[in-house]
1. Just to verify a result, which residue in the range 132-177, among those that are buried (at least 22 other Cβ atoms within 10 Å of the Cβ) and among the polar types (S, T, N, Q), is nearest to residue 104 (Cα to Cα)?
2. Within the range 45-56, does at least one residue satisfy the condition of being more than 20 Å from the chain's Cα centre (by Cα) and either assigned by TED's automatic domain parsing to the domain that holds residue 318 or among the hydroxyl-bearing types (Ser, Thr, Tyr) (or both)?
3. Taking the range 359-382 on its own, how many of its residues are over 17 Å from the mean Cα position of the chain (by Cα) and either closer than 18 Å to residue 337 by Cα or of a type in the set (A, V, I, L, M) (or both)?
4. Is there a residue in the range 245-257 that is in contact (Cβ under 8 Å) with a residue 12 or more places away in the chain, within 16 Å of residue 287 (Cα to Cα), in contact with a helix residue (DSSP H, G or I) (Cβ under 9 Å, 6 or more places away or on another chain) and crowded, with 18+ Cβ neighbours inside 10 Å?
5. When the residues of the range 469-484 are filtered to those that are assigned to a helix (DSSP H, G or I) and under 32 Å from the mean Cα position of the chain (by Cα), which remaining residue is farthest from residue 406 (Cα to Cα)?
6. Could you tell me how many of the residues in the range 62-111 are within 30 Å of residue 160 (Cα to Cα) and without any contact (Cβ under 8 Å) to a residue 40 or more places away in the chain?
7. Mind listing whichever residues of the range 172-208 are over 17 Å from residue 140 (Cβ atoms) and free of Cβ contacts under 8 Å to residues at least 24 places away in the same chain?
Amino acid sequence: MQLSRETLSKLNGAVQSVPTDALFALPEKVLQFGTGVLLRGLPDYFIDKANKKGIFNGRVVIVKSTDSGGTDAYEVQDGLYTHCISGIRQQKITEEYIINSSISRVLSAKSQWQQILDCASNPEMEIIISNTTEVGIVLVEEDKITNNPPVSFPGKLLAFLHERYKAFNGDVTKGMVIVPTELITDNGTKLQAIVMELAHLNNADYAFIDWLENANTFCNSLVDRIVPGKLPVAQQKATEAKLGFTDELMIMSEPYSLWAIETSNPKVKEVLSFAKADEGVVITNDINKQRELKLRLLNGTHTFSCGIAFLSGFETVKEAMENKTMGLYVYDLMHHEIAPCVSNEKISVLEAREFSGNVLDRFRNPFIDHKWISITLNYSHKMRMRNIPLLLKHFEQDLYVPGSMALGFAAYILFMKCEHSESGTYYGEANGVVYPIQDEHAGYFHQLWKNNKPADVVKKALANEQILGHDLSELPGFAFAVSSYMNAMMEEGVLNTVKNYQLNRDKVESNEA
C-alpha cells in the first residue's frame, strides 16, 4: 500500500500525526522555492503542525527549478510524505512518525512557469520561502524578468512579485513576506538588495520599485535542524514494514528544530502565525543571539572536536560520544570554556549552557551518521571564523590557557600534516588509514611540516595571521600548551593525550579542594 490521501483511513496506528480531510481544502498561502529535505523537514514541518492545530490554515506550493526528478511521487501521494523524527530529547531516545500534508502541489519552473505566475493573483498567498543553497542568492545582471522563466532565483522572485503588483494594481496590502533560509548571514537583506538592483537593471517603472521596496518584507532567518533526508535502504524498508505502507518521499530528521525569523513588524508576525504552533519558531527583533549560540556552541564545538575525534579513530559523531573520554571532552569544552566566552549582555552563561545541553543530545543521536571527516572540510576557515574569536575572548577574560581549546588546536595542526599526491590532492594518514585534506591551506601545511620540527610547526602555524587572522603565538602560554599536547598526541596517541589531560586536571582540582 502506497501512502496517499485515499489510504490514510487504512493506516495501522503507528503514525502519531495524520491529516484530516479538512486540511486538503485549505487555501494556498505559501510559495516555496526549493524541494530540498531541509525545507520539508523544517518550515513545512512547522506549517503542517500549525495547520493541524487550526492556527495557520494554509498550504504550500513548491517551485522546482528544473524538470529533473519529476513530480510524480508528489502527485501519486497527493503531496503527502512521512516525516520520521528520531533522536534524543532530554536525554531520552524518541521516535515519532508524522504524515505531513502541508504541500498542495509541486510546479516546475522550467515547464510550468505560467502556472507559478498565476499564483501571484491568489489573494490568500502571503509568504515566500526559499532554500536555493548559498549560490542561489546571487545577482545575474543579464537576467530578464520577461524570460520564461528567468535564470536566477532572484530573477524568478522579481518576476513573481511584478506579476502580483500587476494583479492587484499596486495594492500595498498585497505585498509578500519573504523568508529565505539559505545558510548565509543576513540572507533576507542580501536577497532584497539583489532583487532591488535587478529591478533597476530591468528598467522597472518607479511605481513598481516603490511597491517592491515598501509593500514587501524581506526577513533574515536562521535555520537549524539536521535533516539527512532519505532513509538508508534497510531502514526505509523496516520503517515501511512498521507503518504498513510505502512512501517514496519519506524523510528523517533529528528532534531539535529552530527557525529564527527576524522582524519587528506586527503585521508580519501575524502573517507568520504558524510560529504559535511550536517553540522552535522564534520571531525576534534580532536573530544574532540565535546565530551566535549555534555558530559557537554547535559549529564551534564540531570544529574544535573533529581533529581529536577523527585522529582517535572515531568515524561518526555518535560513535565518539559513546566514548567516555570524548564525551567528557565535548562537555568540558562547551560548558566550561565556550559558554563563558559566548555570554554577553544578551546571552547569559546559563542560556549558553542550556543550549549546549541540547547540542549534547544532538551529538548523541543514534539515528544519524554524521562523519567527522566531513566536518574537517575547510578546517582552517572554520577554525578562524568559529573558534578564534572564542579563544581571543577567553584570554581577554582570563590569563589561564583553556586546555580543551588548546587540545583542539593541537589536533588541528596534527591533522593538517599531509603529503602531496600525483593527482594534486593532499592527504594525511592516521591509524594506518589515508584520509583526504580538503582545505585551501593544505599546501602551506605540507611545506610547514616538511621543513620544520614539530615545535616550530606549532609556533609558525599559530603565528600565521593570513590563515588565522591573528598571531596566536602571542597569547600567554598558548603555543607552549599546544606544542606540548601535539607532541604527546604523536607519542602517546590522541585519545590518550586527552584522557591524561583530564586525569591531571582532576588531580589539580582535587588538591585545590
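1. 132
2. Pass one, the range 45-56, residues more than 20 Å from the chain's Cα centre (by Cα): 48-56.
Subset that is either assigned by TED's automatic domain parsing to the domain that holds residue 318 or among the hydroxyl-bearing types (Ser, Thr, Tyr) (or both): none.
The answer is no, given that none of the residues of the range 45-56 is more than 20 Å from the chain's Cα centre (by Cα) and either assigned by TED's automatic domain parsing to the domain that holds residue 318 or among the hydroxyl-bearing types (Ser, Thr, Tyr) (or both).
3. Qualifying residue count for the region: 1.
4. As a first pass, look at the range 245-257 and keep what is in contact (Cβ under 8 Å) with a residue 12 or more places away in the chain: 245-257.
Cutting the leftovers down to within 16 Å of residue 287 (Cα to Cα) gives us 257.
Those still in the list that are in contact with a helix residue (DSSP H, G or I) (Cβ under 9 Å, 6 or more places away or on another chain) too: 257.
So of that shortlist, the ones also crowded, with 18+ Cβ neighbours inside 10 Å come out as 257.
Checked the range 245-257: at least one residue is in contact (Cβ under 8 Å) with a residue 12 or more places away in the chain, within 16 Å of residue 287 (Cα to Cα), in contact with a helix residue (DSSP H, G or I) (Cβ under 9 Å, 6 or more places away or on another chain) and crowded, with 18+ Cβ neighbours inside 10 Å.
5. Taking the range 469-484 as the starting set, the residues that turn out to be assigned to a helix (DSSP H, G or I) are 472-474, 478-484.
From what's left, under 32 Å from the mean Cα position of the chain (by Cα): 472, 478, 482.
Details: 472: 11, 478: 7, 482: 5 Å.
Ranking the candidates gives 472 first.
6. Total satisfying the criteria: 7.
7. First pass over the range 172-208, keeping only residues over 17 Å from residue 140 (Cβ atoms): 172-179, 181, 183, 185-189, 205-208.
Across the range 172-208, the qualifying residues are 205, 206.
Rundown of residues vs (1) among the aliphatic types (A, V, I, L, M); (2) under 26 Å from the mean Cα position of the chain (by Cα), yes/no style:
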residue: 10; (1), (2): no, no
residue: 14; (1), (2): yes, no
residue: 26; (1), (2): yes, no
residue: 29; (1), (2): no, yes
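The values are calculated or read from the model by the stated rules, or taken from the named source; none is laboratory data. None of these values were measured; they are calculated from a predicted model. Reconstructed Cβ throughout: ideal geometry from the backbone, glycine too, with neighbour counts over all protein chains shown.
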